[in-house]
């Protein structure tokens, strides 16, 4: 009897097995041979699940984002303020947690490859990631409005908040400056304007 393989699970397992390799080598230096060796599979098997190494990187980044979302959910409950949830959402950029530094390095490299290559699969993947983050942010804002913490007009700020966080991150990298405090001050100022004071 043939063994049935859950292809999505196998893809994820290969990507998870290669996460540390990606963090160590970076996107440009990652090779299919190293991926196969790290995942404990043959090179041909890698191609059974992925067309190229970029797809593996997408799967790894997708896993980072999902873990980050799980962390956001585990840190939040009904009593957590809208502002604090927003800060948890963006703690990928704000947090002073050393293991995140390698994740940020991978994201920085990924972003530079995306901007310089204009590769359609990467652009598609970027949209997928942005849509996922936007949905989380929409949920945070909607819940804040329903709880009476922030004004209805806050819905109009969702795209701006996302672009501001990405902009702060890119400028920080481009200029070699730590803009975490400035971004936090931006969020504080924003909430001074949209919070409903009781």
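Here, each number is a calculation from the coordinates, and none is a lab measurement. These numbers come from a predicted model, not from an experiment. A quick note on method: Cβ atoms are made from the backbone with ideal geometry, for glycine too, and the neighbour counts reach across all protein chains shown.
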What is the gain in length, in nm to one decimal, between residue 181 and residue 6 on full extension, counting 0.36 nm per residue of separation less the C-alpha to C-alpha distance?
58.6 nm
Per-pair calculated FRET efficiency, R0 = 22 Å: residue 104 and residue 192 via Cβ, rounded to 0.05
0.20
Please determine, in degrees from 0 to 90 and to the nearest 10, the orientation of helix 180-194 with respect to the longest principal axis defined by the Cα atoms of the chain, where the helix direction is its Cα long axis.
50
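Between residue 120 and residue 155, what is 0.36 nm times their sequence separation minus the Cα-Cα distance? Round to one decimal in nm.
9.6 nm
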Mean Cα-pair separation over length for the chain, i.e. relative contact order, pairs under 8 Å, 6 or more apart, %:
19
Give me the angle, in degrees from 0 to 90, between the Cα long axis of helix 158-175 and the longest principal axis of the Cα atoms of the chain, rounded to the nearest 10.
70
Based on the Cβ-Cβ distance of residue 79 and residue 128, what FRET efficiency does E = 1/(1 + (r/R0)^6) give at R0 = 35 Å, to the nearest 0.05?
0.65
For the stretch 6-73 and the stretch 142-182, distance of Cα centres in Å
30
Rounded to the nearest 10 degrees, the helix 53-75 long axis (Cα) sits at an angle to the longest Cα principal axis of the chain of 40
Between residue 173 and residue 23, take the C-beta separation as r, use R0 = 25 Å, and let me know the FRET efficiency to the nearest 0.05.
0.90
